[in-house]
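Only the coordinates and a few stated rules stand behind these numbers; no lab work does. These figures come from a predicted structure and were not determined experimentally. Because the Cβ atoms are built from the backbone with ideal geometry, glycine has one as well, and the counts that use them run over all protein chains shown.
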Amino acid sequence: MTSPLVDLPGAVTAAGVDAPVAAHYGSFNTEQRTLARGEGFVDLSHREVIRIAGPDRLRWLHDLTTQHLLELPPGEWTTTLILSPQGHVEHAFTGVDDGEVFLAHTEPGRVGPLIEFLDRMRFLNQVEVTDASADWAVTWRPDSSGAEAAPGRFDLVPRDRLVEYAGALGPACGLWAFEALRIARGEPRLGIDTDHRTIPNEVGWIGSAVHLDKGCYRGQETVARVHTLGRPPRRLVLLHLDGSENRLPTPGAEVRTDGEGSRAVGFVGSAARHHEWGPIALALIKRNVPVDEQLLADGLPAAQQVIVDPEVGMHVRPKLR
């Protein structure tokens with residue numbers, strides 16, 4: 001569903017799965033600075049919304065997902081994952097409960113498979129799962145303190161009131177500004193910064209989307225084993241890119257070590273131009289790549305900034321006699 005806000009003055013639409021919303025409204029650098037000051041909002045109304053009703057909804061979601069949801073207070077936002085039996089991330093969604101209904105949003109194109117999975121897992125639980133994308137639009141506002149490292153907050157706005165919301169909350173800032181700040185915070189995006197083999201430990205979702213002190217859920221064994229006894233095979237990293245070429249790496253492009261004996265070590269995810277740091281990207285690379293090793297991201301020289309510590313895990317070390 002194309003957002004009505006792409007009709008605002010200066011709006012230039014984004015591309016790919018993000019095409020229904022504006023990439024920017026004239027100057028993505030100015031819009032980043034607006035968000036960094038704690039002002040404005042971002043139209044994310046192309047994200048899809050799921051509605052889960054019924055008296056068993058939170059207990060049911062608690063049992064299925066990585067997050068502790070049994071005592072989730074009304075109005076408190078949370079992010080959770082659904083994993084495969086092997087611990088690979090299959091779904092990620094962020095939502096809020098109002099005491100009667102849990103509403104959550106996920107990446108464009110993913111609500112159908114998510115609903116299909118949840119419907120298969122209902123059994124005798126009193127829950128009702130529906131696609132509410134036509135009724136609700138997702139927006140994002142920065143932290144009012146203006147701290148760029150703050151995650152900000154999401155809003156769910158009745159879709160038919162999105163233009164009214166924009167008039168009250170403005171100025172509107174485009175997706176490019178939002179993405180640059182998200183990448184700088186090291187927050188991965190499902191399906192772009194992850195692949196079908198990704199486990200939560202690799203991309204920094206332990207703590208934010210995975211609760212380590214809850215009961216069993218599908219894929220928990222892998223998460224717990226890597227957290228306590230081992231290290232994840234890969235790690236999410238922030239890349240500071242050489243800006244001498246006027247381009248960004250293509251999502252999914254290969255990351256290689258630079259210099260003699262160059263070898264493939266991972267792939268590029270999201271990329272953007274930050275208003276202070278210049279071109280940046282997220283990449284998922286092999287854990288054993290030295291943190292000071294120079295890399296090539298889609299052929300562009302890149303320096304690493306650690307997001308997931310290569311030594312994460314090994315919280316329990318055996319005592320050898």
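Data for the structure
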{"quantity": "Highest-fluctuation residue, 200, 85, 290 considered, GNM on the chain with Cα pairs under 10 Å", "calculated": "290"}
{"quantity": "Inter-probe distance in nm under a simple model that places probes 7 Å from Cα toward Cβ, at residue 144 and residue 286", "calculated": "4.9 nm"}
{"quantity": "Net lengthening on full extension, residue 120/residue 264 (0.36 nm per residue, minus Cα-Cα)", "calculated": "47.9 nm"}
{"quantity": "Per-pair calculated FRET efficiency, R0 = 30 Å: residue 100 and residue 185 via Cβ, rounded to 0.05", "calculated": "0.40"}
{"quantity": "Compactness of region 163-242 - radius of gyration and Dmax, Cα, Å", "calculated": "17.1, 52"}
{"quantity": "Residue with peak Gaussian network fluctuation, the chain [Cα springs, cutoff 10 Å], from 254, 276, 179", "calculated": "276"}
{"quantity": "Distant-in-sequence amide H partners of residue 13 (H built 1.01 Å from N, under 5 Å)", "calculated": "23"}
{"quantity": "Most fluctuating residue given options 91, 211, 46, as computed from a GNM of the chain linking Cα atoms under 10 Å", "calculated": "211"}
{"quantity": "Cβ-placed point charges (K, R +1; D, E -1), dipole of the chain about Cα centre in debye, nearest 20", "calculated": "1060 debye"}
{"quantity": "Sparse-neighbourhood loop sites, chymotrypsin sites (Phe, Trp or Tyr not before Pro) in region 109-192 - DSSP loop, at most 15 other Cβ within 10 angstrom", "calculated": "123"}
{"quantity": "The chain, relative contact order in percent, only Cα pairs under 8 angstrom and at least six apart counted", "calculated": "19 percent"}
{"quantity": "Separation in nanometres of the label points that stand 7 Å from Cα toward Cβ, at residue 30 and residue 130", "calculated": "4.2 nm"}
